[in-house]
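Encoded as structure tokens, the structure appears first; notes follow it.
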Ligand SMILES: Cc1cc2nc3c(=O)[nH]c(=O)nc-3n(C[C@H](O)[C@H](O)[C@H](O)COP(=O)(O)O)c2cc1C
């Protein structure tokens, strides 16, 4: 379509299909088109979890230890390295049992030394390790993966819905505190329900390296486990699937709490995630959030992760959109 006359012809042909309803207007931002040139050189980089990332995007915990997981993880690590993003592994539980799947998780050689790379375990596994006095195995895991620390997923509802799920013998807070006291760098997350103000407050008061929202409104592991269940006579009713907190609610809470807590807000890095349906919505939440943050997605990356070119285009599309947003949009 380089030729001007061809382009003018296309304009006439496509005008009919190019109508947009007023209802589709993005209400989150003011559009201010006169104050910036096109943003070729806008720098999106920032410090996050003690390292420098080139863009405020995060690949949230997903997989390992099954079929396509290796190729998915390797592709995710390749784009993270290429675009300078931080990423987390899915639950590393298989590595506590054997080294058979180690290569699924061995992404540091692809990612390089300089980007955030975090291991992941659930509360139930940590409870068992603490009970057996084997927390040193977490340290060994982190060292073996050359990870920066451990993301702990708190998932009592998922465990409850999961047909073969575990039960917590203690409150998750006790387990988290024990890991923190053992000087293991910790980020805490949910798995798609988010968490309420009391939990957020307590976690912000702990010397965590970060908090990931994993909020309600996207992938939901209660629903996922319920889908896996095939008993006609289940005692696991759907009701509990719908409790939780959206990313917006959680960001608002974090903002209130960080001013209330002042210097007692020890956790300063936030991964805004869970149901981030598009790049501008994530950017809006990121701009609203008073603490240092990046925007995480899981399913969004998974949708493109088996095809490296497609994944590259998805990440590049997010970054280019963010640059345009920085140049021309202002938070309403
Ligand atoms: C396929 C898949 C596997 C996941 N596995 C894990 C996991 O092992 N550990 C974890 O903490 N979260 C896991 N999650 C949850 C995500 O990290 C994230 O919190 C959740 O999916 C919400 O983000 P989303 O709405 O962008 O998908 C997984 C998500 C997906 C889609």
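Since every read-out is calculated from the coordinates, none of them should be taken as a lab result. Nothing here was measured: the structure is a model prediction, and the numbers come from that model. Because the Cβ atoms are built from the backbone with ideal geometry, glycine has one as well, and the counts that use them run over all protein chains shown.
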- Mind telling me which of 176, 12, 272 comes out most flexible in a GNM of the chain, alpha-carbon contacts under 10 Å? 12
- Task: Within 10 Å, count the other beta carbons around each residue, average over each peptide in 154-161, 313-320, and list them highest first.
- Result: 154-161, 313-320
- Task: Select from 291, 25, 211 the residue whose mean-square fluctuation is largest in a Gaussian network model of the chain (Cα-Cα springs shorter than 10 Å).
- Result: 25
- Message: Report D for the chain in µm² per second (integer): Stokes-Einstein, Kirkwood Rh on Cα pairs, 20 °C, 1.002 mPa s.
- Response: 101
- Query: Taking neighbour Cβ counts within 10 Å as the exposure measure, how do 222, 259 sort from fewest upward?
  - Reply: 259, 222
- Task: Once you've got the GNM for the chain with C-alpha springs shorter than 10 Å, pick whichever of 208, 129, 237 has the biggest mean-square fluctuation.
- Result: 237
- If you take the C-alpha gyration tensor of the stretch 193-325, multiply each eigenvalue by 5 and take the square root, what semi-axes do you get, largest first, in whole Å? 27, 25, 11
- Ascending count of other beta-carbon atoms within 10 Å, so fewest first, for 260, 40, 177: 40, 260, 177
- Task: Using only the alpha carbons of the stretch 1-135, determine the length spanned along each of the three principal axes and report them from longest to shortest in whole angstroms.
- Result: 72, 35, 33
- Query: Using the alpha-carbon centroid of each, what span in Å lies between the stretch 211-245 and the stretch 1-79?
  - Reply: 30
- Query: If you take every DSSP beta bridge whose two residues both sit in the chain, what share of them, in percent to the nearest 5, is antiparallel?
  - Reply: 20
- Query: What ranking of 232, 144 emerges when the number of other C-beta atoms within 10 Å of each C-beta is taken as an exposure proxy, fewest first?
  - Reply: 232, 144
